[in-house]
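S.K.: Mind looking over this structure? Questions follow.
Readers should treat all values here as calculations from the given coordinates under stated rules, not as data from a laboratory. Everything numeric in this text was worked out from a predicted model, so none of it was measured. Virtual Cβ from ideal backbone geometry, glycine too; neighbours counted across all protein chains shown.
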Amino acid sequence: MANSQLQEVKDILREKKFGKLFSGDTENTYIQFFRYLFVGGLATVVDWGVSFLLFKYVFQEHYAVAANSISFVAGLIVNYVISTFWIFRNSKVESKLMEFLGFAAIGLVGLLMTIGITKLFEIWLADKTSLFQILAKIVSTAAAFFWNFFARKILLFSKKEA
């Protein structure tokens, strides 16, 4: 199956039908991952922007964990809305509420990763640089990105078995 999915992407690129990468329903994991880069990118902009504003202006460069936690939730909402319209059309879950709760639960694991990584960077670097917060965001964003895509793809949005 992975070979046929990869072949589909190669055919799209060879035939220069790039629109297929951006539109239409697909179960192709490579295409979904490609699209998730954009969705994750936008969610990351929201996450980082909210985190920066909270950390810098609301919390006066304190409470990095709180700033990152709140901002992560904002990114989660953006990610869910766009993902369910553009990337993952076939849910294993019949109820939209349960689908969102599953999506959020997976995001919660990502949030716990974010909190843990942020706290580790704070312990390790806070007395050396105030940049510990942004360094923690870079590392935790990458870790959460891969976790979120693959966990959501496998647990919530893989094609239903007939």
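S.K.: Say we look at the range 101-112 and pick out the residues that are surrounded by fewer than 18 Cβ atoms within 10 Å (Cβ to Cβ) and touching a helix residue (DSSP H, G or I) at 6+ places or on another chain (Cβ under 8 Å); which of these is nearest to F145 (Cα to Cα)? So that I can check it myself, show each step before the final result.
M.R.: Of all residues in the range 101-112, those surrounded by fewer than 18 Cβ atoms within 10 Å (Cβ to Cβ) come to 101, 104-105, 108-109, 112.
Of the ones still in play, those that are also touching a helix residue (DSSP H, G or I) at 6+ places or on another chain (Cβ under 8 Å) are 104, 109.
Numbers: A104: 14, V109: 11 Å.
Once the filter is applied, the top-ranked residue is V109.
S.K.: In the list L76, L54, L21, which residue meets the criterion of being in contact with a Gly (Cβ under 8 Å, 6 or more places away or on another chain) and surrounded by 15 or more Cβ atoms within 10 Å (Cβ to Cβ)? Step through it out loud before you land on a result.
M.R.: Numbers: L54 fails: in contact with a Gly (Cβ under 8 Å, 6 or more places away or on another chain); L21 fails: in contact with a Gly (Cβ under 8 Å, 6 or more places away or on another chain).
Step by step, each of L76, L54, L21 is checked, and only L76 is in contact with a Gly (Cβ under 8 Å, 6 or more places away or on another chain) and surrounded by 15 or more Cβ atoms within 10 Å (Cβ to Cβ).
S.K.: Among the candidates R152, R89, single out the residue that is among the basic types (K, R) and either surrounded by fewer than 17 Cβ atoms within 10 Å (Cβ to Cβ) or part of a loop (DSSP other than H, G, I, E, B) (or both).
M.R.: Working: R152 fails: either surrounded by fewer than 17 Cβ atoms within 10 Å (Cβ to Cβ) or part of a loop (DSSP other than H, G, I, E, B) (or both).
Only one candidate qualifies: R89.
S.K.: Would you say S83 is of a type outside the set (A, V, I, L, M), assigned to a helix (DSSP H, G or I) and either touching a residue at least 40 places away in the same chain (Cβ under 8 Å) or touching a Lys or Arg at 6+ places or on another chain (Cβ under 9 Å) (or both)?
M.R.: Details: of a type outside the set (A, V, I, L, M): yes; assigned to a helix (DSSP H, G or I): yes; either touching a residue at least 40 places away in the same chain (Cβ under 8 Å) or touching a Lys or Arg at 6+ places or on another chain (Cβ under 9 Å) (or both): yes.
In short, yes.
S.K.: T44 is checked against (1) in a helix (DSSP H, G or I); (2) in contact with a Leu (Cβ under 8 Å, 6 or more places away or on another chain); (3) of a type in the set (V, I, T) and fails just one. What number does that condition carry?
M.R.: T44 satisfies every listed condition except (2).
S.K.: Exactly one condition in (1) touching a residue at least 40 places away in the same chain (Cβ under 8 Å); (2) surrounded by fewer than 18 Cβ atoms within 10 Å (Cβ to Cβ) is false for A136; which is it?
M.R.: Exception for A136: condition (2).
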